[in-house]
């Protein structure tokens, strides 16, 4: 391996390593006879070049100072970075998954190679990373530009101007004051271990006035920005596997999340209705067109509604609905004819429908713009306090309102209200059109009408809010000083600048840590935006990054938003959604989707006119709506008109394919509304597709060969126009062939690979196209609960709860998605040999019979790691929690405490063993000397013993000492542990049978699992049978088979292999009973199936109690296993006992065994007394003892507290004189 | 069952008898793997590289596992 000569070409890595794509020009040089080559990877941003492969143990001399700290150097000495390992890894990687350079290329089959190429450049969570990068690099600067001046109210001469903003590399908070050139050695894993926030300083350049002159200051810190992992600011971006390992980071980790206060937090993708677009809907029989305008300044919703045939404009700021004609008049469309033409065109049906609206003019006597403005002005709600009772200028108010508040996303340049008038007219026109033809009503659930809000946008909203607040606070504090006329010294605003910087830092951190997005400006209050990244298994973490949550309430019983939309094809996974209340509302992205970031409108705007479209403002209504004329809308706003829409469309697409316009710009024709829609906005879901021209796929064997050789990358396919991104709207405008053979005369595009309609989680299922669809959905939920390997750095992490499988295996039957998501490198399950037969009766109702010998060999064995954290708090009076080993008492429970007061690493801790001798001060309020400490040592609560796996002492950012103790349990499968195959077939272990009793075949092979055949007929999981067949063939042949959706190894081929190896083509084997030694009377379907062990284990759940703790208030037994609670006899069980008439049993269960309490009741007044005395009657004559539930006594007393008197009437049980 | 049970009683007495303040415990640095001797009240920091994550060393007592 070491001496191997590499061809002087950049090695094409088959793996999408998350690392940035190597620039195609990466120069490769031979660096000596050993054949090591130092590969210079030119990073795209060109900021730095990393030396990737360096000779043996020599420290990285070529390193350009990326790791200058002493710590790093020391570490490098410790672990000589042997590049041979790296080359070896490259050798192990198959060339585009099993294909070699010399293999023949078949475009029909090999076009899927584009998919790994796509994922290589983009990674699996590219939508999060792209969005965040866009925010930090572009959006932040725009935001600064919009808020660049800070002026003082008191001193007109004062001015502070922001000139630039940037985010540096992440560092520790204590390094913030070091000079700018300092490179921090902070790693994400350090942040996890030390409960820090992974953040970087935000720097601004400012110019401000001090005294008479302008002062320029560069690099002023205004706060800290949480950094998304693997974003371009992150220290992990563009690193290779070795460098990742040095930083204790898993190279397969997808990134895309934040670390705040040591917790990994994901900002989930939010689904919303699109902004700045007209949505026509019929609500309660009224036809309405609504637009949610969203600009930096404002978010508002405007409606145009039709009521009783009349059309009105409705807006929050207007006290009542304003007839549309008045609005158009106020917007400067003077004559009635013009209005009519602008709305209805020359269509007589529309004209007739709109006609009635002009009656209002005559009725109100409004014929001029002046009068219309006055009319609107009178109806504007007063927003400000009516403090200054000055005369309102209705005209000006109306103009202000129309230009800035109503439809603010349509720009009003100067006094040119024409675009807005056209827009309002268009809304009215759409209402009329939808009124006459109900097919034109928009579908809110259509994916093209949706936008995804990603972490970048969410952060942008948050940051802008905090930045404005920062500026406001800054202004207030300088105002306070500037108000004073005579100052002792010259005023320097910079001193006030740093005071508020904590505000931004804390605001961002708190929002991400708690998930509460509260923006005062937009009155937005959203909880649950962020979630803790689930690290149950690798796939759970990955699945979380692609999750989309909807804004719909879960309680509403509407099926529309939950249903699978045909337009979701290829964009959102068809299988991966939770069951129950969030069903269909929480979705997942499909494998090959991309979510757009915002592109500049300007160049597209220019391009529209260059392509021969006319400015819509220069056209009359007649011209706009003339037959054959199509309006060109840019992000929903009409900007131009063309009478050759098809040609316009084609030339626009050609320009896009040439790369003149951003590849994420979408264009499509809407023939219903005669519009050409161009979109550059953010949050559209799109996916790449192969371009077909003249009935030929543009991706030919030649290009695929280049891709395989590594001379071409996915980007090159884009720039050459061989592949293009289509969003949902444009997809509707195209004719897409699924396979190359299906390409016909009108085909415009070719699907890259059909299995990409599934997401990353559903992609684990082999042969999903043969399963009943709910089974795939069940598996998507269960795959996230499977125990397996979670990351390469799993032993360097200290998670609160971590499940790890001891011997995970990659599945025998893989899918392409498994390879692309690297599930085969971090698997969660084992290939169990399954016999589908009935055995012993302990396998009914989906129970599984496990082979005891298999369990001994490690089948289903897992480790559970639990963390215990103690923070040594400091108190206000200067005292502090301490760890005091001297407090150890004699006794076996203290046996494992070490000399530092913490349990030994490796010690076995049983229940009630002490593992931490913590002492807290007795007095934490008063400030005096010699406060003693009392012991509050921490005991092991679980009944099962654990071993101390790791003890970590560290210090967080606030300087508080943390002690993290990790406990380890190794568990083998036991009765009641839950297992599942990859087909939604879960079952619990019903019996662990000794191997001697298990059936075996003629080769002596014994099953690991016996599964009851009743699991198959009703569930119809044919995929599972096919998995068994392919797996068996793979075992016999020594290959890993594929079960990729809509493809994979064919059953006939597998049957052929079986026959060749001397097995039955059906997959059934002849078995001998292990109990009797006789041959089984039947052949048994027998072979390997990939089984996952799920996190639900009996050991965490089993619980019993005879007597135990009670709740203080009600004196009833506590609830739950953690509090060793009682087992509830519930309402329905109670009903059974009542119906049966078992009154004494009821009495025992509900009172005697629960909260029986003896009270003294006075016969006379019916009140409770105490110690045999009635307080009210002041005697003990008729006081009787009575046993009641304590809860009843409590209720009576609580009612008493509310002035409700409850008397208890006592009666003789047996009539007097009965005896 | 565990190797601990044998010498539990003695260690517990040892620990209480000796002045804890003087005793230093060895930790391993999470970054450079160097030894760090810490006494009570000392800042948690590697003297060699300045890293603030330290791990306790594995016990040198015998640990017995149940082979199941």
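Worth a mention:
- Per-region count, the range A:195-211, residues within 14 Å of chain B (Cβ to nearest Cβ) and either buried (at least 23 other Cβ atoms within 10 Å of the Cβ) or under 30 Å from residue A:157 (Cβ atoms) (or both): 1
- Flag if residue A:944 is closer than 30 Å to residue A:980 by Cβ, touching a helix residue (DSSP H, G or I) at 6+ places or on another chain (Cβ under 9 Å) and at pLDDT below 90: yes
- Residue A:876 vs. criteria in a helix (DSSP H, G or I) and either more than 9 Å from chain B (Cβ to nearest Cβ) or in contact with a helix residue (DSSP H, G or I) (Cβ under 8 Å, 6 or more places away or on another chain) (or both): no
- Across the range A:172-190, the qualifying residues are those that are closer than 14 Å to residue A:219 by Cβ and within 14 Å of chain B (Cβ to nearest Cβ), and the one among them that is surrounded by the fewest Cβ atoms within 10 Å (Cβ to Cβ) is A:178.
- Scanning the range A:929-988 for residues that are within 12 Å of chain B (Cβ to nearest Cβ), under 30 Å from the mean Cα position of the chain (by Cα) and either assigned to a loop (DSSP other than H, G, I, E, B) or closer than 26 Å to residue A:764 by Cβ (or both) yields A:956, A:957.
- Selection status of residue A:1005, assigned to a strand (DSSP E or B), in contact (Cβ under 8 Å) with a residue 60 or more places away in the chain and over 30 Å from residue A:801 (Cβ atoms): no
- Any hit, the range B:4-21, residues being touching a strand residue (DSSP E or B) at 6+ places or on another chain (Cβ under 9 Å), more than 8 Å from chain A (Cβ to nearest Cβ), surrounded by fewer than 16 Cβ atoms within 10 Å (Cβ to Cβ) and modelled with pLDDT under 90: no
- Test: residue in the range A:942-958 that is in contact (Cβ under 8 Å) with a residue 24 or more places away in the chain and closer than 30 Å to residue A:1010 by Cβ: yes
- Flag for residue A:692 being over 33 Å from the mean Cα position of the chain (by Cα) and in a strand (DSSP E or B): yes
- Per this entry, residue A:607 is not counted among residues that are under 19 Å from residue A:444 (Cα atoms) and surrounded by 17 or more Cβ atoms within 10 Å (Cβ to Cβ).
- Residues that are at pLDDT 85 or above and in contact with a strand residue (DSSP E or B) (Cβ under 7 Å, 6 or more places away or on another chain) do not occur anywhere in the range A:477-499.
- Members of the range A:837-858 found to be within 13 Å of chain B (Cβ to nearest Cβ) and either surrounded by 17 or more Cβ atoms within 10 Å (Cβ to Cβ) or not in a loop (DSSP other than H, G, I, E, B) (or both), listed by number: A:852, A:855, A:856, A:857
- Single residue of A:902, A:883 found to be surrounded by 18 or more Cβ atoms within 10 Å (Cβ to Cβ), at the interface with chain B (Cβ under 10 Å from one of its Cβ atoms) and under 15 Å from residue B:61 (Cβ atoms): A:902
- Considering residues of the range A:288-316 that are over 32 Å from the mean Cα position of the chain (by Cα) and surrounded by fewer than 15 Cβ atoms within 10 Å (Cβ to Cβ) only, the residue nearest to residue A:146 (Cα to Cα): A:316
- The strands (runs of 3 or more DSSP E) found wholly in the range A:427-545 and carrying at least 2 residues that are surrounded by fewer than 16 Cβ atoms within 10 Å (Cβ to Cβ) occupy A:524-526.
- Test: residue in the range A:1127-1142 that is touching a helix residue (DSSP H, G or I) at 6+ places or on another chain (Cβ under 9 Å), buried (at least 16 other Cβ atoms within 10 Å of the Cβ), free of Cβ contacts under 8 Å to residues at least 40 places away in the same chain and in a helix (DSSP H, G or I): yes
- Condition check for residue A:864: within 30 Å of residue A:789 (Cβ to Cβ) and more than 10 Å from chain B (Cβ to nearest Cβ): yes
- Residue check, residue A:137 in a helix (DSSP H, G or I), modelled with pLDDT of 85 or more and surrounded by 15 or more Cβ atoms within 10 Å (Cβ to Cβ): yes
The values are calculated or read from the model by the stated rules, or taken from the named source; none is laboratory data. These numbers come from a predicted model, not from an experiment. In this analysis, Cβ positions are derived from the backbone assuming ideal geometry, glycine residues included, and neighbour counts consider all displayed protein chains.
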